[in-house]
Amino acid sequence: MTQETKPVRVRFAPSPTGYLHVGGARTAIYNYLFAKATGGTFYLRIEDTDRKRYNEDALKDLLRDLEWLALNWDEGPYFQSERLEIYGKEAQKLIDSGNAYYCFCTEERLQTLEHGYDRHCRELPPEAAKQKVETGEKFVIRFKSPLDGSTKFNDLLRGNIETPNKDLDDLVILKRDKFPTYHLASVVDDHYMQTSHVLRGDEWISSTPKHVLLYKALGWEAPLFCHLPVILAPGGGKLSKRKGAASVGDFRDLGYLPHALVNFLSLLGWSPGDDREVMELKEMIEAFSLERIQPKAVAFDEKKLEWMNGMHIRLLPNSYFTEELKKLYPNEQSEKFLKVAELLKPRLKFTNELPALSNYFFERPQKIVDEKAKAKYWTEQSPEHIALLANELEKIEIFNIQNIEAAFMKVCESSGIKLGMLAQPARLAVSGVGAGPGLWEILECLGKEECIFRLRCVN
RNA sequence: GCCUCCAUCGUCUAGUGGUCAGGACAUGGGACUUUCAAUCCCAGAACAGGGGUUCAAUUCCCCUUGGGGGUGCCA
């Protein structure tokens, strides 16, 4: 009841140990969308409590990737490694209240155990334990899980989940190096940072009862939980680099638009409830609700992502492409950029295809590079036909599409060949490749002088 | 092994007791006859299986099967 009236505060809490995977990105997206949809706050927290796996580059990449995706956080990043004192204090509170205990078991001893920790130190008298601590013996602090009864919580997607306490172990909350484990750190932070909803991957479902118990032992109200399904590789199984791109950085390098990725990822496990798929961020925010997330694990279909990227490329303003072209060809005059942008926009699938597809508009092709098209369309008579075409084009006064087409038709008629056998060789002569925008458009864009030069050059 | 979550076309999904089970990607075919795209049209394609509950189950319950996750001094 009270929780419903609490302001929404959600977080993305990655651990800087590797690249930001699409699964993590989607978790971030859902947190972001939920915050924006409810007028809440989205904050970033870095869970860097594992000193062995900490990776500075991973942290940099993570921040860069989130920024690239435009998932702008309202607060943070907060770093758990800077909050050690707080966790230590809370762990001490749990000791004092009898909800946690010191454990002095060595790693060697733990390794001999077959089915997890056997609660060996649980019944050690507090005084004895205290003495050991004071003499400098190494220890961890474990949570004292109840031995009977059960713990339940309400998952926003799955409803009630109840776990018998006998299945819960005495988890470590403070490690030998005085760093907290995820369990303690996230509970403490989510409390003090007033997190209203915990939206995280569903690999956390089985630890949630332990977290609920921790909240209870600390006398706190637990946030609402919503466990998000995982993203699987196309054929099923874990998503990994081996099975294709898996990290946000990979997709950026492949030429995907950040918003296309965000749009696609948001639809992996969620739908707006109608048939909309290609959506602006604003639309997604307006349509977003937790209830519409599916609990089912989903497969990553890169073909659909490709399609969606194309859709978003077509939605981009022409100015995006003219700016890119300006960067690629700084010495060119700008009125050409708009024409090229219009011609290329509908046939781009990836933004990084622009250099290769636009090249011949600005630089003369050295030779015909498309051997396949050449084999299909180029004949012994082609140079002759192209010469006739060049002559015909030369006569044109107003070099526009209509007149260019008429010139082609005239050559076809006079030499009795099909249009394809003239147009394709001409395309190869002018652009070096066998595929692209309409030939008349290309020629018009190139201009009369340049066209004739290129055509005559081939001979 | 034990615990736990999940289950609609190949894939992402709509659906919440009575629907010709809808859409999208992908696939196949067609149109646009200079190419490649884009675009438009058409087609094939699903309720995992078995029990219940009900006049009626894709929809509710149980079991099986399949898949995921957990079982760390990793997150």
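No lab work stands behind these numbers, since they all come straight from the coordinates. A quick note: this is a predicted structure, and the numbers were derived from the prediction, not measured. Here the Cβ is made from the backbone with ideal geometry for all residues, glycine too, and neighbour counts use every protein chain on show.
Whole-Å semi-axes of the range A:364-458's equivalent ellipsoid, largest first, each the root of 5 times a Cα gyration tensor eigenvalue?
18, 15, 12
Given the peptides A:118-127, A:318-327, arrange them by the average over their residues of other C-beta atoms within 10 Å, most packed first.
Going by the mean number of other Cβ atoms within 10 Å, highest first, we get A:318-327, A:118-127.
How far is the Cα center of the range A:252-327 from the Cα center of the range A:403-417, in Å?
If we compute the Cα centre of each part, the gap is 45 Å.
Let's test the formula: R0 of 51 Å, r as the Cβ-Cβ distance of A:ARG158 and A:ASN352. What FRET efficiency results, to the nearest 0.05?
0.80
Using only the Cα atoms of the range A:85-174, what do you get for the radius of gyration and for Dmax, in Å?
Both quantities, over Cα of the range A:85-174: 15.2, 49 Å.
Show me the three semi-axes of the equivalent ellipsoid for the range A:241-315, from the C-alpha gyration tensor (sqrt of 5 times each eigenvalue), largest first, rounded to whole Å.
Result for the range A:241-315: semi-axes of 21, 16, 10 Å.
Want the number for A:ALA435 to A:GLU137: 0.36 nm per residue separation, take away the alpha-carbon distance, what's left?
Taking A:ALA435 through A:GLU137 to full extension adds about 99.8 nm, to one decimal.
Output the relative contact order of chain A, whole-number percent, from Cα pairs under 8 angstrom with separation of 6+ residues.
Here the relative contact order equals 13 percent.
For the ranges A:72-85, A:206-219, A:362-375, what's the packing order if you count other beta-carbon atoms within 10 Å of each residue, average per peptide, and put the highest first?
Descending mean neighbour count gives A:206-219, A:72-85, A:362-375.
Binning at 5 angstrom from zero up to the longest distance, how are the C-alpha pair distances of the range A:70-123 distributed in percent?
4, 14, 15, 13, 14, 14, 9, 6, 7, 3, 0
What's the angle, to the nearest 10 degrees (0 to 90), between helix A:318-328's Cα axis and the longest principal axis of chain A?
Here the helix axis deviates by roughly 80 degrees.
Note the per residue figure in Å³ for the convex hull of the C-alpha positions in the range A:291-434. Provide the component values of the computation, followed by the final result.
On the way: hull volume 26.1 nm³, N = 144.
Normalising the Cα hull of the range A:291-434 by residue number yields 181 Å³.
How about A:LYS410: which lysines have a C-alpha closer than 24 Å to its C-alpha, ignoring those fewer than 8 places off in the same chain?
Of all the lysines, those that pass the test against A:LYS410 - Cα under 24 Å, at least 8 places apart if same chain - are A:LYS374, A:LYS376, A:LYS395, A:LYS418, A:LYS448.
Is there a quick way to get the dipole size of chain A? I mean about its Cα centre, with the Cβ of Lys and Arg at +1 and of Asp and Glu at -1; what is the value in debye to the nearest 20?
Computed about the Cα centre, the dipole is about 540 debye.
Charges on Cβ only, +1 for Lys and Arg, -1 for Asp and Glu, centred on the Cα centroid of the range A:144-195; of A:SER150, A:SER186, A:VAL172, which one is farthest towards the dipole's positive end?
A:VAL172
Enumerate cysteines in chain A without a disulfide-compatible partner, where compatibility requires another Cys Cβ under 4.7 angstrom.
So, A:CYS105, A:CYS226, A:CYS412, A:CYS445, A:CYS451, A:CYS457.
Hey, any idea what the orientation-averaged projected area of the convex hull of chain A's Cα atoms comes to, in nm²?
Taking a quarter of the hull surface, the average projection is 29.3 nm².
Ordered by packing density, taken as the mean number of other Cβ atoms within 10 Å over each peptide's residues, highest first, how do A:134-144, A:28-38 rank?
Values: A:134-144: 15.2, A:28-38: 23.1.
So the order, starting with the most tightly packed, is A:28-38, A:134-144.
Counting helices only, and only those DSSP H runs with n ≥ 4, report the 222 nm mean residue ellipticity of chain A as the sum of -39,500 (n - 2.57) divided by its residues, in deg cm²/dmol to the nearest 500.
That calculation yields -14000 deg cm²/dmol at 222 nm.
Less than 16 Å apart at the alpha-carbon level, and either on another chain or at least 8 residues along: which lysines does that give for A:LYS138?
Correct list for A:LYS138: A:LYS130, A:LYS175, A:LYS178.
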